[in-house]
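Inspection log for the structure reproduced underneath, given as structure tokens.
The values are calculated or read from the model by the stated rules, or taken from the named source; none is laboratory data. Fair warning: this is a prediction, and the values are worked out from it, not measured in the lab. Virtual Cβ from ideal backbone geometry, glycine too; neighbours counted across all protein chains shown. With ligands, DNA and RNA removed, areas are computed over all heavy atoms of the protein, side chains included. Shrake-Rupley method; radii C 1.70, N 1.55, O 1.52, S 1.80 Å.
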2 protein chains.
Amino acid sequence: MTGRNDIPGLLRQLFGADAVIDAPDAMARYLCDWRGLYRGSAQAILRPATADAVAAAVRFCGDRSIGIVPQGGNTGLVGGATPAGDGSEIVLSLERLNRIRSVDPADFSLVAEAGCILAEVQSAAARANRLFPLSLGAEGTCQIGGNIATNAGGINVLRYGNTRDLVLGLEIVLADGTVWNDLRRVRKDNTGYAIRQLLIGSEGTLGIITAAALRLFPQPRQRIAALAAVDGIDQATALFSLVMEQIGEFVSSFEYMSGAAVEFAVEIVPGTRLPFDRPHGAYVLAELAAAFEEPPLAAAFERVLGDALEGNVIRDAVIPESEAKRSALWQLREAIVESQRVGGASIKHDVSVPVSAVPDFIRAAGDAIEAALPGTRILPFGHLGDGNIHYNLMRPPRISDDEFRGHGPSLTRIVHDIVASFGGSFSAEHGLGQLRRAEADRLKPPVERELMRRIKSAFDPGGILNRGKLV
Amino acid sequence: MTGRNDIPGLLRQLFGADAVIDAPDAMARYLCDWRGLYRGSAQAILRPATADAVAAAVRFCGDRSIGIVPQGGNTGLVGGATPAGDGSEIVLSLERLNRIRSVDPADFSLVAEAGCILAEVQSAAARANRLFPLSLGAEGTCQIGGNIATNAGGINVLRYGNTRDLVLGLEIVLADGTVWNDLRRVRKDNTGYAIRQLLIGSEGTLGIITAAALRLFPQPRQRIAALAAVDGIDQATALFSLVMEQIGEFVSSFEYMSGAAVEFAVEIVPGTRLPFDRPHGAYVLAELAAAFEEPPLAAAFERVLGDALEGNVIRDAVIPESEAKRSALWQLREAIVESQRVGGASIKHDVSVPVSAVPDFIRAAGDAIEAALPGTRILPFGHLGDGNIHYNLMRPPRISDDEFRGHGPSLTRIVHDIVASFGGSFSAEHGLGQLRRAEADRLKPPVERELMRRIKSAFDPGGILNRGKLV
């Protein structure tokens, strides 16, 4: 028997026992983010298995003014999928909506449900000799619905775009419990407002994505990477123009790693080493891919890097000959992330500016941080080809992690203000969630925040979807 | 002296004589569309020269509840820039906002005002050794602001995307007369709702675009086209997969021309000829481009077409060796458009379906049209790589143009219903404007139309922007 306020009991009656989790132990992993920075509580975790069940859940919550927190793989970095602390909300996990509904190689598209793990979407495409290019560190855990709701970026944006550019259609449950089937698979459709675009990146505040039609691409038959050593960020940026002008159609990644970030990774992560005989100011990891098998890309890449060496744009370069060696270069890139995760307190910024402004941004931010807290380790790296820098800071040797964390808000304000002065974004990939909402109020034009509030009201007048996030 | 209701006089006082046109002769070209299908009237044509002046004009009209019709190059096909017939509105032409504000080759971006002619934007990019890839028939007349407001397509969508994909930032005058400077030049920005995306393709109903930051690409150093003869649409679609799988990164256009459309062009447009010794069921015009100079693309293209010939996917092919011959192939494509313009009454449909569904769509629509009005000349052609077919019809020999036009609404309904059954779009490139608004009410889900109305109210509560268009 269930009482009027026994929400988990009512949910069990309506959705089945499999769909409801309310035992504290089992709920725990849905109630905090993977980094352990945000913790919330909830009346229950609800795991519907169909879009209709999601719609019923939304109506159930709407009738009772219960807040809903949509959750995918829970790998976000801004607390966007963590419920509030008051225990009033329901976490709606999409994990059971996990079917690939169809794959259409001739149309270069597939339809996947929101709870499909990103790596499974990649595999389904690969089995049909197609590429789904979205790729990021969490791909073994994150879900495609969450990728879309947060407009995920990753390492292939330069060539294939953000998640936004990979979505052809959506199936969405709206705040009134309507299922809107907008699962189109057309490349061109000018029949009204781009509402789909508004939902992409809306972090679960305007509707709940239950499935998506996704774009596929020809599967590369060859892939080649190079690590180039340069004096600094100016040369890295110059190399970008050179590579794009000569062999731009093949470039899928163009990653910048500051010398300091690499040094720190070598220091902290066992087995990390650089394939050069001396350290350099900065490094670029670029990857090319092509649909054709012949001629090999290596020759063209070597020619461009040879020109760059002669022109003093780069100091050294390696093009690994084996797949194992190519993947070792990416391990170096991953070691940077790892070193900043385990190497002590880290104050992270995920910013973007115009590509041409990256050198000036890095100089201006470096000067300002050094002035504010001398000795801070400045360890920038990121997707230079997108102008997207992970501008991360670690403590000066003389102070403790805790003391350093105390400087976080003021250091972040310094970095974001400089980003704003270059017309940049203070959250290039990661979104607003809980972490950056106040920063949006501070840095976005009031007119834009006002339009966001009006849009939120138009889509969710009762305010039940992901309260306290984004707007 | 100007009276209270002398709107042109008041506008002259506020904006200067250069900014106001109210002589009937001079107004005429702003009051009807270029095809002469829509005619309206207006109190005046206002031509502000700055974003602030546009904002002042919007406030002026808002205070008086005067409707505003934003107008670019006036090359649209759906009456979206033509005022109503009652003479109550003001046409706001962006033609004097025509400066390229900046070009940044290292960032692969430029900033152009809304009234810049598309061809001028292309030239500004080319002078900086960069490509602005948007390209369409009207490029010598249409304006970039109009391209953005209608999310224009064109011949390079397959490789570079729709206009939506080429816009980094916008400067917009909102319905309350605020200038919203969102002229960012960043590739990645996840700091809230994608309002910019909503404005792109909103046909002047949500705000007035006054400037845009646009993406540029490496300038191709070689370009090569091929014309392939195939038995029909099935083979054309099979060739698309083959080409994409082998040399997909180079393909900028993949155009389908039905044998009937080509035959009609040869019949109507003097000097049009096919480079084959016999007619075929259909033709594909594909174009490749690459940033690198060497090796030439011809060898790879020949290899793929050779495979297609051996596999009976194509019957014949030519790869022109000179630029003149390449451009002759495009003249053939243009002759199709021309023949349908001058060859008599034509009922046009700009539709899209998934690429893999194009053959079935063409068969189903052909059967239904033949059943409804036997002998109708069915002359489809279009951007097969985007699933976008211009499914155009001309009269059977036995009836008059006027009689044929009378069948227009019922034939269009047949075509659009079949498009809908394939999950397609009844306006792939051209938008809704006045022409397709009722069709949107008929074919879009009610929930989507309702969301559009709510969005319109959120952005333009007074309803002054482009009344009676889109929503």
Just checking, does region B:65-73 include any residue being at pLDDT below 95 and either farther than 30 Å from B:Arg405 by Cα or surrounded by fewer than 13 Cβ atoms within 10 Å (Cβ to Cβ) (or both)? no
For region A:56-90, what are the residues that are under 22 Å from the mean Cα position of the chain (by Cα) and among the hydroxyl-bearing types (Ser, Thr, Tyr)? A:Thr75, A:Thr82
Name, by its number, the condition in (1) part of a helix (DSSP H, G or I); (2) open to solvent by 10 Å² or more (accessible area, probe 1.4 Å); (3) more than 14 Å from chain B (Cβ to nearest Cβ) that does not hold for A:Ser356. (3)
Just for strands (runs of 3 or more DSSP E) wholly inside region B:243-348: which have at least 2 residues that are within 14 Å of chain A (Cβ to nearest Cβ) and farther than 21 Å from B:Arg395 by Cα? B:251-258, B:282-290
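Give me the residue from region B:210-223 that is touching a Pro at 6+ places or on another chain (Cβ under 8 Å) and of a type in the set (A, V, I, L, M, F, W, C) and, out of that set, surrounded by the most Cβ atoms within 10 Å (Cβ to Cβ).
Residue satisfying both the conditions and the ranking: B:Leu216.
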Filter region A:452-471 down to the residues that are open to solvent by less than 10 Å² (accessible area, probe 1.4 Å) and under 22 Å from A:Ser425 (Cα atoms) and list them by number. A:Met452, A:Ile455, A:Lys469, A:Leu470
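Scan region A:157-183 residue by residue and report those that are more than 26 Å from A:Asn466 (Cα to Cα) and either within 10 Å of another protein chain (Cβ to nearest Cβ) or crowded, with 24+ Cβ neighbours inside 10 Å (or both). If you could, list the steps in order and put the result at the bottom.
We begin by selecting, within region A:157-183, every residue more than 26 Å from A:Asn466 (Cα to Cα); these are A:157-161.
Once the filter is applied, which keeps residues that are more than 26 Å from A:Asn466 (Cα to Cα) and either within 10 Å of another protein chain (Cβ to nearest Cβ) or crowded, with 24+ Cβ neighbours inside 10 Å (or both), region A:157-183 yields A:Val157, A:Leu158, A:Arg159, A:Gly161.
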Single condition A:Gly62 does not satisfy, out of (1) open to solvent by 20 Å² or more (accessible area, probe 1.4 Å); (2) assigned to a loop (DSSP other than H, G, I, E, B): (2)
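Give the number of residues within region A:123-176 that are of a type in the set (Val, Ile, Thr) and closer than 19 Å to A:Gln219 by Cα.
Residues that pass the stated criteria total 4.
Among the polar types (S, T, N, Q) and either open to solvent by 50 Å² or more (accessible area, probe 1.4 Å) or free of Cβ contacts under 8 Å to residues at least 12 places away in the same chain (or both): does that describe A:Gln331? Write out each step before concluding.
Working: among the polar types (S, T, N, Q): yes; either open to solvent by 50 Å² or more (accessible area, probe 1.4 Å) or free of Cβ contacts under 8 Å to residues at least 12 places away in the same chain (or both): yes.
When the stated conditions are applied, A:Gln331 passes them.
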Could you tell me how many of the residues in region A:360-385 are under 23 Å from A:Gly153 (Cα atoms), open to solvent by less than 10 Å² (accessible area, probe 1.4 Å) and part of a helix (DSSP H, G or I)? 3
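Every residue in region A:310-328 that is surrounded by fewer than 16 Cβ atoms within 10 Å (Cβ to Cβ) and either touching a Lys or Arg at 6+ places or on another chain (Cβ under 9 Å) or on the phi < 0 side of the Ramachandran plot (or both), please.
If the condition is that a residue be surrounded by fewer than 16 Cβ atoms within 10 Å (Cβ to Cβ) and either touching a Lys or Arg at 6+ places or on another chain (Cβ under 9 Å) or on the phi < 0 side of the Ramachandran plot (or both), then A:Glu310, A:Gly311, A:Glu321, A:Ser322, A:Glu323, A:Ala324, A:Lys325, A:Ser327 are the ones that fit.
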Testing B:Ala229 on (1) touching a helix residue (DSSP H, G or I) at 6+ places or on another chain (Cβ under 7 Å); (2) open to solvent by less than 20 Å² (accessible area, probe 1.4 Å); (3) outside any loop (DSSP other than H, G, I, E, B), one condition comes back false. Which one is that? (1)
If a residue has to be farther than 19 Å from B:Val230 by Cα and in contact (Cβ under 8 Å) with a residue 40 or more places away in the chain to count, how many in region B:348-385 make the cut? 13
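Against the definition (surrounded by fewer than 19 Cβ atoms within 10 Å (Cβ to Cβ), part of a helix (DSSP H, G or I) and either of a type in the set (Ser, Thr, Tyr) or without any contact (Cβ under 8 Å) to a residue 40 or more places away in the chain (or both)), how does B:Ala26 come out, yes or no? Before you say what the answer is, go through the steps one by one.
Details: surrounded by fewer than 19 Cβ atoms within 10 Å (Cβ to Cβ): yes; part of a helix (DSSP H, G or I): yes; either of a type in the set (Ser, Thr, Tyr) or without any contact (Cβ under 8 Å) to a residue 40 or more places away in the chain (or both): yes.
Judged against the criteria, B:Ala26 is a match.
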Region B:95-141, residues that are open to solvent by less than 10 Å² (accessible area, probe 1.4 Å) and either touching a His at 6+ places or on another chain (Cβ under 7 Å) or of a type in the set (Gly, Ala, Ser) (or both): B:Ser109, B:Ala112, B:Ala114, B:Gly115, B:Ala124, B:Ala125
Complete set of residues in region B:112-125 that are touching a Phe, Trp or Tyr at 6+ places or on another chain (Cβ under 8 Å) and of a type outside the set (Val, Ile, Thr): B:Gln122, B:Ala124, B:Ala125
Going residue by residue through region B:129-143, is there one that turns out to be farther than 30 Å from B:Asp33 by Cβ and either at pLDDT below 95 or among the polar types (S, T, N, Q) (or both)? yes
